[in-house]
Amino acid sequence: MNKATRKAVIAGNWKMNKTPAEAAALIEEMKPLVKDADCEVVLCVPYVDIAAAVEAAKGSNIKIGAENVHFKASGAYTGEISAEMLLACGVEYVIIGHSERRTYFGETDQTVNLRTLAALNAGLKVIVCVGETLEQRELGYTETLLKFQTKMALTGVTKEQLKNVVIAYEPVWAIGTGVTATDDQADEGNGFVRAAVAEAYGAEAAEAITVQYGGSMNAKNADGLVDKINVDGGLIGGASLKAADFAVIVKAASK
Ligand code: 13P
């Protein structure tokens with residue numbers, strides 16, 4: 001197996017943007033632009049937009065994802081949403097461990113792992129985010145950190161379940177900053193993630209797993225990034241809020 005046989009996934013992460021009506025309108029705008037995609041197209045939207053997004057995406061090649069999930073099946077967890085609830089709403093993917101959740105909401109490698117297990121056990125596909133801060137990079141810890149985060153997130157995940165796992169390498173310093181990793185930096189980071197999967201699951205599983213790049217990916221730089229051997233698509237923030245830009249990125253990953 002090689003890059004050509006791996007599934008590229010272009011996923012939008014809308015973060016805290018769009019009302020349900022705005023979400024439906026944006027998806028309607030995107031549908032004709034991405035309909036010929038030769039990659040998986042996913043939009044991860046705020047919880048309150050899920051119903052409208054699922055409805056708008058019906059009959060198209062756009063899959064709907066959530067931006068987080070709780071690790072318990074039910075109970076006294078005010079404000080939280082379970083994997084089963086997401087599935088019942090038509091959600092197929094969920095982002096786990098985004099750096100914004102790690103930074104602002106106390107997400108740890110342990111809770112990332114618990115959420116990953118809960119989502120996979122319920123039947124969702126996961127997009128697990130890993131990435132180093134600028135300080136960690138400058139201290140020379142990028143490889144160590146990416147391998148550690150990857151292995152921690154996947155602890156207890158079976159080889160079979162790994163087929164439902166996408167990992168997104170998102171250098172924290174590149175998120176929302178307009179500073180994109182160079183094509184080679186993205187390739188190297190994704191390579192560290194893939195190497196961690198090889199260490200834990202073997203070479204074949206590592207070759208098969210989809211590893212995205214994320215961090216200021218846009219219509220202009222997507223081409224070079226997704227051409228890299230270890231980059232299987234992207235997790236897109238800001239540019240996924242603009243139909244035309246998102247469509248260009250989908251096209252770049254469809255070559
Ligand atoms: P930007 O594309 O806005 O930098 O965000 C990247 C990201 O965090 C995707 O999850």
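The values are calculated or read from the model by the stated rules, or taken from the named source; none is laboratory data. Just so it is clear, the structure is predicted and the values come from calculations on it, not from any experiment. Cβ sites come from the backbone with ideal geometry, for glycine too, and all protein chains shown count toward neighbours. These accessible areas exclude ligands, DNA and RNA; they are computed on the full protein's heavy atoms, side chains included. Shrake-Rupley method; radii C 1.70, N 1.55, O 1.52, S 1.80 Å.
Remark: the stretch 120-134, residue by residue, has Karplus-estimated 3J(HN,Hα) of 5, 5, 7, x, 8, 8, 10, 10, 8, 9, 9, x, 9, 7, 4 Hz, where x stands for each Gly or Pro and the curve is 6.51 cos²θ - 1.76 cosθ + 1.60 at θ = phi - 60°.
Compared with the rule-of-thumb size 2.2 N^0.38 Å for a compact globular protein, the stretch 93-180 has a Cα radius of gyration ratio of 1.08.
Counting only protein heavy atoms and a 1.4 Å probe, the stretch 122-214 has 41 square angstrom of accessible area per residue. Shown in residue order for the stretch 35-42 are the 3J(HN,Hα) couplings computed by the Karplus curve 6.51 cos²θ - 1.76 cosθ + 1.60 at θ = phi - 60°: 5, 9, 4, 10, 8, 6, 10, 10 Hz (x for Gly and Pro). Three principal axis extents describe the C-alpha atoms of the stretch 63-118; from largest down they are 29, 28, 19 Å. Here's the list of aspartates and glutamates a cross-link from Lys242 could span, going by alpha-carbon distance under 16 Å and ignoring same-chain residues fewer than 8 apart: Glu22, Glu28, Glu29.
How high is the relative contact order of the stretch 4-118, in percent, counting Cα pairs under 8 Å that sit 6 or more residues apart? Reported as a whole number, the value is 23 percent.
Normalised by residue number, the volume inside the convex hull of the Cα atoms of the stretch 13-53 is 64 Å³ per residue. Basic side chains Lys and Arg get +1 at the Cβ, acidic Asp and Glu get -1 at the Cβ, and with that the dipole of the stretch 2-125 about its Cα centre reaches some 340 debye.
Of the listed pairs Lys58/Lys151; Lys15/Lys220; Lys58/Lys163, which have alpha-carbon separations greater than 31 Å here? The pairs that break the limit, which is 31 Å between Cα atoms, are Lys58/Lys151. Entry comment: accessible area of the stretch 8-100 is 45 Å² per residue, from protein heavy atoms only and a probe of 1.4 Å.
For the chain, the relative contact order comes to 23 percent (Cα pairs under 8 Å, sequence separation of at least 6).
Dipole orientation for the stretch 16-88: of the candidates His70, Thr19, Cys44, His70 has the Cα lying most toward the positive pole (charges on Cβ; Lys, Arg +1; Asp, Glu -1). Measuring how big the stretch 11-156 is from its alpha-carbon positions, Rg and Dmax come out at 16.2, 48 Å. In this structure, the amide hydrogen of Ile95, modeled 1.01 Å from its nitrogen in the peptide plane, lies closer than 5 angstrom to those of Ala66, Glu67, Asn68, Ile127, counting only residues at least 5 positions away or on a different chain. Rounded to the nearest whole Hz, the Karplus-based 3J(HN,Hα) values (6.51 cos²θ - 1.76 cosθ + 1.60, θ = phi - 60°) of the stretch 72-89 follow the sequence 9, 6, 5, x, 7, 10, 3, x, 9, 9, 8, 4, 4, 4, 5, 4, 5, 8, with x at glycine and proline.
The lysines within cross-link reach of Lys72, meaning a Cα-to-Cα straight distance under 20 Å and a gap of 8 or more places when in the same chain, are Lys125. Shown here: the chain, whose C-alpha atoms stretch 45, 45, 34 Å along the first, second and third principal axes, sorted largest to smallest. Ranked by the mean number of other Cβ atoms within 10 Å of their residues, highest first, the peptides 118-131, 61-74 fall in the order 118-131, 61-74.
As a rough guide to protection, the peptides 76-87, 91-102 ranked by mean Cβ packing within 10 Å, highest first, stand as 91-102, 76-87.
Return the percentage of antiparallel bridges among DSSP beta bridges fully within the chain, rounded to the nearest 5 %. Percentage antiparallel, nearest 5: 0.
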